[in-house]
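The structure under discussion appears below in the form of structure tokens.
The values are calculated or read from the model by the stated rules, or taken from the named source; none is laboratory data. Quick caveat, the model's predicted, so the values are computed rather than measured. Don't worry about glycine lacking a Cβ; one is built from the backbone with ideal geometry, like all the others, and counts go over all protein chains shown. Just the protein is used for accessible areas: all its heavy atoms, side chains included, with ligands, DNA and RNA removed. Shrake-Rupley method; radii C 1.70, N 1.55, O 1.52, S 1.80 Å.
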Protein chains: 2
Amino acid sequence: MSQLLFDNIQRTVGYDVPLSELEPFRNLFFEKSMDKKTVLAEEGKRCKYIWFLEQGSTCAYYANESGDKTAVQFSIEGHWISDMYSFFSDREALFYIETLEPTDVLFLSRTHFEEACRTIPFVERFFRILTQNALAAQLYRIAKTNSESAEQRYLDFAGRYPHFMSRIPQYLIASYLGIAPQSLSRIRNKLATQR
Amino acid sequence: MSQLLFDNIQRTVGYDVPLSELEPFRNLFFEKSMDKKTVLAEEGKRCKYIWFLEQGSTCAYYANESGDKTAVQFSIEGHWISDMYSFFSDREALFYIETLEPTDVLFLSRTHFEEACRTIPFVERFFRILTQNALAAQLYRIAKTNSESAEQRYLDFAGRYPHFMSRIPQYLIASYLGIAPQSLSRIRNKLATQR
DNA sequence: TTCATTTCTTCACCTAGGTTAAGATTCCGG
DNA sequence: CCGGAATCTTAACCTAGGTGAAGAAATGAA
């Protein structure tokens, strides 16, 4: 069992999960290595998996008619990803999810997820807490986003996720912050100059 | 047991929950009638309860230094509300929650919530799905918000929540849409004129 | 019913950030 | 190592929506 996943589970549920539960859970996953720019989930389609990132990074985004992307979430190794709207509610996905680097991923299908919830005690709790944390993060984001200028949002983001800055193209960060890439350039230029 | 709560639970868990589980769950709540403008949760404090609205409406918002409010969520009878960031993670609340009308509320404390998760089978599943739905709604909101003009956001909101329009002051709706109240007036005026 | 408070509207003016276009860099496959 | 594609920067101009101020309308307590 991957150390990363093991730690992630222990930390999330908050008590020592016995191997007798961890083993059958781990056996429901399969692993896959993917190239950069592999599309995991597509807007408009059912998202049949939830993924655990062993290595690499992904971006969740939506695309408008003209095809440009607005990032809604970045993830790196140790994160769970999915179009949770689609995966949990079995509706059409709102987002695309795409790898930003060569990435190793564990796949858990919806069917196996539901089986695990029914048969392995810690799983229901694990996913409850996982979605609670995801919800808390979104609420936090909404609270902070609406109230701050683009410059402040950029500074917050850079301070909060310094490890993202070097691994994610700047135009995607701009879209995440809700501004045009040119505007982010302008802001960065201004900040660099006035220092 | 309130019909509204009963239906809400059955619909959420997706199977018939036996009375032997519903009764002890219901007994963990207490009910309270509150005046308009009662504050249930406060930014910066722990939010110790999750509430079920039997009747009335509430607004979750945050306030900046100058004291003006930005609404992040409106709720009416049949909804669950809390500062879920605070309630589930035991951190300081991000938002205020305040009644908009005279409102009847069921209170479930954090302690009772955790007890229920441990001892009553359907509860863990119920709250997993509840937070999943809340997360899905936030993701949907973020996806739609960032990509549309203020006018389009207003039309979406009015179309999606027509029952809110008459019960919620317009300046709060404006703040929810991320615009100044004057701008919402301007937009409404324009729409009314051009029709 | 009346006065005070809260909410909504209108208008003139302003600015953050969008848009378009072009050139500069960086990256990457062959 | 080279050439094309992707990414980033700069600059001139534009616009959606913010701001401030004032009055109109609605609400509600006495």
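Within region A:142-157, count every residue that is open to solvent by 30 Å² or more (accessible area, probe 1.4 Å) and more than 14 Å from chain B (Cβ to nearest Cβ).
Total satisfying the criteria: 3.
What is the residue count in region B:160-186 for residues that are surrounded by 15 or more Cβ atoms within 10 Å (Cβ to Cβ), near DNA strand C (Cβ under 9 Å from one of its atoms) and not in a loop (DSSP other than H, G, I, E, B)?
Count: 7.
Among the residues of region B:127-141, is there at least one that is away from DNA strand D (no atom under 12 Å from the Cβ), crowded, with 16+ Cβ neighbours inside 10 Å and over 24 Å from B:CYS59 (Cβ atoms)?
The answer is yes; a qualifying residue exists.
Could you check region B:94-116 and list, in sequence order, the residues that are open to solvent by less than 20 Å² (accessible area, probe 1.4 Å) and part of a helix (DSSP H, G or I)?
The answer is B:PHE113, B:ALA116.
Restricted to region B:172-195, and to residues that are among the aliphatic types (A, V, I, L, M) and more than 8 Å from DNA strand D (Cβ to nearest atom), which residue is nearest to B:ASN64 (Cα to Cα)?
Looking at the filtered set, the residue picked out is B:LEU172.
Scan region B:4-50 for residues that are open to solvent by 90 Å² or more (accessible area, probe 1.4 Å) and either outside the structural domain of B:TYR85 (by TED's automatic domain parsing) or of a type in the set (Lys, Arg) (or both) and jot them down.
B:ARG11, B:LYS32, B:LYS36, B:LYS37, B:LYS45, B:ARG46, B:LYS48
Return the residues of region A:114-128 that are within 11 Å of chain B (Cβ to nearest Cβ) and β-branched (Val, Ile, Thr); say none if nothing qualifies.
Selection gives A:VAL123 alone.
Being out of contact with any helix residue (DSSP H, G or I) (no Cβ under 8 Å at 6 or more places or on another chain), at pLDDT 95 or above, over 21 Å from A:ARG141 (Cβ atoms) and of a type outside the set (A, V, I, L, M) is the requirement here; does A:PHE6 meet it?
Against the criterion (out of contact with any helix residue (DSSP H, G or I) (no Cβ under 8 Å at 6 or more places or on another chain), at pLDDT 95 or above, over 21 Å from A:ARG141 (Cβ atoms) and of a type outside the set (A, V, I, L, M)), A:PHE6 does not qualify.
Tell me, please, whether a residue that is touching a Pro at 6+ places or on another chain (Cβ under 8 Å), farther than 23 Å from A:ALA174 by Cα and part of a loop (DSSP other than H, G, I, E, B) can be found in region A:26-38.
Yes, some residue in region A:26-38 is touching a Pro at 6+ places or on another chain (Cβ under 8 Å), farther than 23 Å from A:ALA174 by Cα and part of a loop (DSSP other than H, G, I, E, B).
Inside region B:51-67, can you point out the residues that are open to solvent by 10 Å² or more (accessible area, probe 1.4 Å), more than 10 Å from chain A (Cβ to nearest Cβ) and in contact with a helix residue (DSSP H, G or I) (Cβ under 9 Å, 6 or more places away or on another chain)?
B:GLU54, B:GLN55
With in contact (Cβ under 8 Å) with a residue 24 or more places away in the chain and of a type in the set (Lys, Arg) as the only criterion, which of A:ARG188, A:ARG160 stands out?
Numbers: A:ARG160 fails: in contact (Cβ under 8 Å) with a residue 24 or more places away in the chain.
So the residue among A:ARG188, A:ARG160 that is in contact (Cβ under 8 Å) with a residue 24 or more places away in the chain and of a type in the set (Lys, Arg) is A:ARG188.
Got at least one residue in region A:72-87 being farther than 19 Å from A:ASN133 by Cα and open to solvent by less than 40 Å² (accessible area, probe 1.4 Å)?
Among the residues of region A:72-87, not one is farther than 19 Å from A:ASN133 by Cα and open to solvent by less than 40 Å² (accessible area, probe 1.4 Å), which makes the answer no.
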